[in-house]
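Worksheet: one structure, shown below.
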Amino acid sequence: MPDVIDQYGWSEELARAFAPHARAGRMPGRVVVQHRDGYVLVTEAGELRGKASGRLLQDAGEGGYPAVGDWVALTPDPADPTATIHAVLPRRTAFTRRAADSVRKLQVVAANIDVVFVVTSLNADLNHRRIERYLAAAWQSGARPVVVLTKSDLSADPQAEAAEVAALAAGCPVLVVSAREVVGLEALLAQVKAGETCVLIGSSGVGKSTLVNAFLGRTRMAVDAIREADDQGRHTTSHRELVLLPGGALILDTPGMREVGLVDADEGVSEAFDDIEQLARDCRFNDCTHGSEPGCAVRAALDSGALDPARWANFQKLGVELAAVEEKADRVARDAERRRLAALQKTYRATKRDHRGGAGE
Ligand code: GDP
Ligand code: ZN
């Protein structure tokens with residue numbers, strides 16, 4: 001089994017999904033860069049440029065185009081340096097956003113992320129509401145969130161702040177780091193196993209690039225050393241958005257991720273507001289609106305101080321925004337189902353045709 005795709009996280013599960021493509025003579029690859037006019041892929045044949053086939057572009061539904069982090073089935077063409085991408089393998093996780101040209105279209109920004117670092121800084125503007133939003137986006141993607149509080153050198157009591165954040169982070173790890181004082185960086189990377197992919201999300205200025213650079217430091221030096229030894233300049237072409245770190249973890253750093261943070265659907269919010277959902281289950285009425293109904297557990301918690309009013313307000317605000325995108329999510333699900341059935345029908349007809357051919361009917 002070729003090493004390079006294993007390093008990029010190739011798995012048994014992917015190999016199974018890939019089996020029909022292998023039979024069709026295709027090669028697996030992972031998207032490491034997405035350009036306006038194509039992709040860069042790592043494959044067992046080295047780094048290749050790639051383009052989606054006309055068929056894939058035509059058949060891909062919403063969110064169906066390859067994105068950074070995706071595994072794809074491709075065929076290299078000896079006469080053309082650009083490989084053809086035929087299919088995107090099923091994604092384990094995905095970050096989506098509305099397309100720039102239309103808020104009605106969903107776009108995949110990054111796929112197959114294992115760990116999402118929700119990054120916020122420990123200076124004056126530590127904002128719990130914002131952390132909740134990013135956490136919701138992280139849960140929504142399907143990846144494991146880890147909260148990272150940066151610039152601990154600027155906080156008088158980082159551990160106390162971490163304990164506060166842990167209370168709203170619904171059981172996910174909360175780590176304290178300082179890039180300046182080189183504290184906590186190893187513990188951060190220890191959250192990501194070899195072959196797993198992580199991303200950093202969070203507002204601008206919280207120290208994400210500084211962390212990425214700290215992780216990449218050694219890699220950059222290693223690449224520079226190779227570059228010196230290789231006067232063909234072979235290593236100079238690769239600007240990657242998906243990068244292999246020395247310890248075997250992968251880090252995805254694509255411009256699109258910087259805009260992530262808007263909540264797209266319900267599940268992510270439920271997990272980020274786990275405690276409120278639990279409370280609401282204790283309301284006397286199943287359809288309690290937590291207004292003035294008797295036996296409302298939410299109001300009781302607000303009255304007793306067990307539930308922070310600001311947290312409750314934020315939960316309600318998200319609910320309103322979500323109602324607006326829900327209708328949309330339904331439509332996407334319906335479209336996906338329709339496409340699935342159409343593909344089944346096509347396969348069914350093709351099989352029937354083959355059988356007729358084979359039996360000479
Ligand atoms: P990004 O927008 O999230 O990528 O944030 P940057 O990585 O660009 O960092 C924003 C600013 O915070 C820069 O001026 C960094 O030097 C500073 N910064 C980053 N990490 C630390 C840290 O651990 N401690 C302190 N005091 N400043 C930091
Ligand atoms: Zn209630």
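The values are calculated or read from the model by the stated rules, or taken from the named source; none is laboratory data. Treat the numbers as computed from the prediction; the structure is a model and nothing was measured. Ideal geometry is used to build each Cβ from the backbone, glycine not excepted, and the neighbour counts take in all protein chains shown. All accessible areas refer to the heavy atoms of the entire protein, side chains included, with ligands and DNA or RNA removed. Shrake-Rupley method; radii C 1.70, N 1.55, O 1.52, S 1.80 Å.
Projecting the alpha carbon convex hull of segment 98-214 along each direction and taking the average yields 7.9 nm². Accessible surface area normalised per residue over segment 1-117 is 49 Å², counting heavy atoms of protein chains with a 1.4 Å rolling probe. Of the whole protein surface, residue 277 contributes about 60 Å² of accessible area at a 1.4 Å probe radius.
When a/c reaches 1.5 or more, the comparison of a/b and b/c decides; with that in mind, is segment 11-150 rounded, prolate or oblate per its Cα gyration tensor? Prolate, since a/c reaches 1.5 and a/b exceeds b/c. Size descriptors for segment 1-87 (Cα atoms only): Rg and Dmax, in that order, 12.1, 33 Å. Protection proxy ranking, highest mean first, for peptides 172-183, 194-205, 139-150, 108-119: 108-119, 139-150, 194-205, 172-183, where packing is the per-residue count of other beta-carbon atoms within 10 Å, averaged. Calculated FRET efficiency, residue 282 to residue 59, Cβ-Cβ distance, R0 = 56 Å: about 0.70 to the nearest 0.05.
Label positions at residue 160 and residue 82, each projected 7 Å from the Cα along the C-beta direction, are separated by 5.9 nm.
Taking every protein chain into account, the 1.4 Å probe leaves residue 82 with about 40 Å² of accessible area, to the nearest ten.
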